[in-house]
Amino acid sequence: MRSSISISPVSGRPDASYHLVFFITGNPGLIDYYDIFLSNLHTLLTSKDDGDKPSDVVHIWGQNLAGFSDDTTEAGSGRVLFSLEQQIEILLESVRSKRIPSGPRASQPYDSIILIGHSVGSYILLEIISRLRQSSQPMENIKGGILLFPTVTHIGKSPSGVKISTLFRIPDFPRIASTVAKALMWPVPRVILKSLVGVVTRMPGEAAEVTTNFLTSRMGIYQALYLAKYEMAEITEDRWDDDLWGIEQPASGPESSTPKLVFYFGENDHWVASHTRDELIAARACRTDQGNSSKPIMLIDKDGIDHGFCIKNSETVAEKVTVWVDDILQASRGITPVEVVGTHGTIDLDVPTTGANQDFVDGGYDYKPNTPMEVAAIASVSRTQLKPLYG
């Protein structure tokens, strides 16, 4: 069972830009669940490289949450259980420590870092960004965050949260449940246990293998329940201010330094109550009728993807995340992706958001050119209104 996944291509080009995609797991915090997702994401992100332009080198990193590896102990204390606060601090230090691993710029900071979080990993993501922005040594290369099926407020009000919160009223429930589960599984041969996991959960082979590793690990079940108890107690009200959420700005306003956030909610997520999700969207999401907004993009899945997307929908979610990563990188360069809809088809353009072309992304409406010449001339037409690709 691996404790981390690192996909780090090497580029010998001195003009290459280096980007880190740092992935934060949900609970159970096993990075192996996301192997297919991260591999597909890296393939998609690197498939667009243009040999005639400075290359983008994308390094993908993800690690187990603390306490989920059998060799994980807190230095000098022998501690094997970690709270939500401790997970945040450990991952914050991991983000701070990351440097380009090899090539002509080895050991230098990345040009940009994009955080991706799943489930409670999304809450950890927001805490990391918030703490870095308030730090005496902020990291200016954090360009954005992508939050997948995020549990960032009122997790205890979700259908599954209500059930598990009831169990946590039992004194010492995480330890008791872990002990009972391990006693029941102890006499079962591993090969049979894996088959049972596959049959009962209907997981594909790779996910069933990871789940079997989790169930048979020394502290995995105990750590998962221990962490979940802290999640129920601490993931409640929206705890972040406008410094993280951003503000609505007129199109002519100054560009915000707030990292771009993209939320992707499940339509019927058993770990996110629909009413708390809708309240967060109403309070914090970017409105499409605003111009230069630094507030988050918040989307709701319409493809029937489950909360645990990494089990059966890794490829589909990787395709979606690729678009958002590309958009965040483009925005960090002062480029906004827009869509031109005309009689000759739909054309995607990357329009600078500064200078004379600022007006091109003002208003959020379609521009409908009648000829290819009009499409070609778009860069010289002022006050043209284009449709942003987000949404």
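The values are calculated or read from the model by the stated rules, or taken from the named source; none is laboratory data. Note that this is a predicted model, so its numbers are computed, not measured. Here Cβ is always computed from backbone atoms with ideal geometry, including for glycine, and neighbour counts include all displayed protein chains.
What pairs can you find where one residue is in region 135-156 and crowded, with 21+ Cβ neighbours inside 10 Å, the other is of a type in the set (Asp, Glu) and not in a strand (DSSP E or B), and their Cβ atoms are less than 7 Å apart, with a gap of 6+ or different chains?
Here the result reads Phe149/Asp269; Thr153/Glu237; Thr153/Asp238; Ile155/Glu231, each pair linking region 135-156 to a residue that is of a type in the set (Asp, Glu) and not in a strand (DSSP E or B).
Are any of the residues in region 70-80 of a type in the set (Asp, Glu), closer than 27 Å to Glu209 by Cα and at pLDDT 95 or above?
No, there is no match, as no residue in region 70-80 is of a type in the set (Asp, Glu), closer than 27 Å to Glu209 by Cα and at pLDDT 95 or above.
Consider region 89-129. How many of its residues are over 18 Å from the mean Cα position of the chain (by Cα) and on the phi > 0 side of the Ramachandran plot?
2
List pairs: first residue in region 161-176 and without any contact (Cβ under 8 Å) to a residue 24 or more places away in the chain, second residue surrounded by fewer than 14 Cβ atoms within 10 Å (Cβ to Cβ) and assigned to a loop (DSSP other than H, G, I, E, B) anywhere in the structure, Cβ distance under 9 angstrom, at least six positions apart or on different chains.
If the second residue must be surrounded by fewer than 14 Cβ atoms within 10 Å (Cβ to Cβ) and assigned to a loop (DSSP other than H, G, I, E, B), the pairs left are Ile176/Ile170.
Within region 182-208, work out how many residues are outside any helix (DSSP H, G or I) and closer than 17 Å to Lys312 by Cα.
3
Go through region 163-208 and report how many residues are at pLDDT 95 or above and charged (D, E, K, R).
Counting residues in region 163-208 that are at pLDDT 95 or above and charged (D, E, K, R) gives 4.
Read through the list (1) in contact with a Leu (Cβ under 9 Å, 6 or more places away or on another chain); (2) more than 14 Å from Trp240 (Cβ to Cβ); (3) acidic (Asp, Glu), then give the number of the only condition that Glu127 fails.
(2)
Taking region 92-112, which residues are in contact (Cβ under 8 Å) with a residue 12 or more places away in the chain, closer than 21 Å to Ser3 by Cβ and either out of contact with any strand residue (DSSP E or B) (no Cβ under 9 Å at 6 or more places or on another chain) or crowded, with 24+ Cβ neighbours inside 10 Å (or both)?
If the condition is that a residue be in contact (Cβ under 8 Å) with a residue 12 or more places away in the chain, closer than 21 Å to Ser3 by Cβ and either out of contact with any strand residue (DSSP E or B) (no Cβ under 9 Å at 6 or more places or on another chain) or crowded, with 24+ Cβ neighbours inside 10 Å (or both), then Leu92, Arg96, Ser102 are the ones that fit.
So which of Leu65, Leu20, Leu38 is farther than 16 Å from Cys310 by Cβ, modelled with pLDDT of 90 or more and within 16 Å of the chain's Cα centre (by Cα)?
When all the criteria are applied, what remains is Leu20.
When you scan region 132-159, how many residues do you find that are modelled with pLDDT of 95 or more, touching a helix residue (DSSP H, G or I) at 6+ places or on another chain (Cβ under 7 Å) and part of a helix (DSSP H, G or I)?
The number of residues fulfilling the criteria is 3.
Would a scan of region 269-281 turn up a residue that is assigned to a helix (DSSP H, G or I) and under 23 Å from Ala331 (Cα atoms)?
yes
Has region 199-219 got any residue that is under 19 Å from Leu84 (Cβ atoms) and of a type outside the set (Phe, Trp, Tyr)?
There is at least one residue in region 199-219 that is under 19 Å from Leu84 (Cβ atoms) and of a type outside the set (Phe, Trp, Tyr).
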